[in-house]
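The values are calculated or read from the model by the stated rules, or taken from the named source; none is laboratory data. Because the structure is a prediction, the values reported are computed rather than measured. Cβ placement follows ideal geometry from the backbone for every residue including glycine, while neighbour counts extend to all protein chains displayed.
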Amino acid sequence: MKHQYRISPEGRGPEPTDKELLRYRDSGKLVYNYQRASSALHRKPLYRDPKAFVALLLIVLLAWFISEVVDKPAEEPTPQENGRELDR
């Protein structure tokens, strides 16, 4: 539903009457939307949702693997290569 707004040089139009305000008041819908929004945040715990749990587990394992690879010190070449001494 798109709202159409009119901007006039005279300023705001007349204020809506009480009858018009009562026509658009719907407190039942407001309460329903509030309850739906507040309960929709945590419907199912993460550990009971298999897809979310596996996704979270994969993310944690990937982060752990990347941290292990990055933290590993670079191996320096040894002075012996194929059993021969290198001349320095």
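Cβ-Cβ distances below 8 Å connect the following pairs, each with a first residue in the stretch 46-69 that is at pLDDT 90 or above, a second residue that is surrounded by 10 or more Cβ atoms within 10 Å (Cβ to Cβ) and of a type outside the set (D, E), and a separation of six or more residues or different chains: L56/L46.
What is the residue count in the stretch 3-30 for residues that are basic (K, R) and either in a helix (DSSP H, G or I) or touching a Lys or Arg at 6+ places or on another chain (Cβ under 9 Å) (or both)? Walk me through how you get there before you give the answer.
Within the stretch 3-30, the first condition is being basic (K, R), and the residues that meet it are 6, 12, 19, 23, 25, 29.
Subsequent filtering for residues that are either in a helix (DSSP H, G or I) or touching a Lys or Arg at 6+ places or on another chain (Cβ under 9 Å) (or both) retains 19, 23, 29.
So the answer is 3.
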